[in-house]
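Data first, discussion second: the structure below is written as structure tokens.
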């Protein structure tokens with residue numbers, strides 16, 4: 001493990017004004033997204049869509065890295081260039097999703113554990129040879145009656161720490177993603193309580209596994225009201241609760257925090273990030289690692305037609321530019337008026 005290289009990659013991923021595109025949808029997930037635009041989820045359609053995103057003119061102004069799926073990291077552009085090389089050529093760092101999904105946690109109804117540790121050391125070595133320089137592993141934490149249990153939180157924190165240690169051994173920056181879900185009627189206060197507990201255990205596990213925090217990024221949820229909560233916290237309240245939680249549990253050695261969008265609309269995800277950065281004085285970079293919040297408007301513009309490719313790329317550029325502004329706390333709703 002070369003700690004200087006890991007730290008350099010981690011800091012490049014959270015460079016000022018930039019963030020990460022999460023394009024690591026599993027086959028069932030992208031099939032669902034494509035169904036929304038009446039497009040069959042064939043390998044060629046998936047490749048064409050990812051290439052459309054990756055070749056958007058000027059996108060490296062705002063996108064520092066892309067998280068790929070196993071299929072995508074092995075695909076080639078129309079001109080025969082491997083997609084990881086296409087990204088690297090544009091100054092964008094390729095990454096890879098390495099977990100195999102969240103499965104029911106035996107004996108704990110309503111809770112999940114993320115799998116994928118078996119054979120991970122060998123897979124990480126292979127992904128690095130394919131061009132990946134960072135990886136991602138997602139844990140899923142649900143809030144409900146009697147959950148999350150302490151055991152669920154500990155089990156997922158342990159898996160995240162084992163994954164992160166293996167990543168650094170292989171020369172990859174680990175993105176650690178413990179996601180507290182928005183589903184349910186819980187209050188913003190309950191979300192803050194669970195997020196604090198989850199992150200506390202995650203960082204305890206990382207330190208126990210001798211993971212170098214300087215070469216690690218955190219991908220957490222924002223502290224939000226549950227989707228079914230009758231009282232929804234406003235933008236300012238979300239920003240304050242999220243930053244307060246992070247300050248309590250995330251060491252300053254971590255170079256950056258790259259939020260997931262987790263069910264928010266594109267505008268909400270951008271607005272919340274901007275409000276957090278407007279508070280100022282953070283010991284880490286506050287950035288983004290968005291999937292749907294960057295891609296949904298693009299899919300609607302593209303509709304699977306080559307004739308719409310340029311328009312879809314303009315939408316992607318605009319969405320990325322708005323999030324770039326949010327990195328400085330400068331996003332305003334008026335910026336949406338310039339959308340393609």
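Every number here is computed from the coordinates shown, using simple stated rules; none is lab data. None of the values given here were measured: they were computed from a predicted structure. As a convention, Cβ positions derive from the backbone with ideal geometry for all residues, glycine included, and neighbour counts pool all protein chains shown.
Numerical summary
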item	result
For the range 105-170: rounded, prolate or oblate by the Cα gyration tensor [a/c cutoff 1.5]	prolate
All Cα pairs of the range 213-292, percent lying beyond 22 Å	20 percent
Share antiparallel - DSSP beta bridges, the chain, percent rounded to 5	15 percent
Relative packing of 252-259, 130-137, which averages over residues the other C-beta atoms within 10 Å, highest first	130-137, 252-259
Cα shape, the range 153-309, gyration tensor, a/c 1.5 rule	oblate
Antiparallel bridges, percent of DSSP beta bridges restricted to the range 1-151 (to nearest 5)	30 percent
Global form of the range 11-110, assessed from the alpha-carbon gyration tensor, a/c cut-off 1.5	oblate
The range 1-24-the range 258-314 distance, computed between alpha-carbon centres (Å)	18 Å
Calculated P(r) of the range 134-203 - Cα pairs past 20 Å, %	31 percent
Helix-derived mean residue ellipticity, 222 nm - over the chain, DSSP H n ≥ 4, -39500 (n - 2.57), to 500	-14000 deg cm²/dmol
Percent of C-alpha pairs per 10 Å bin, the chain, short to long	6, 27, 36, 25, 6, 0
The range 40-163: C-alpha pair distances exceeding 20 Å, %	53 percent
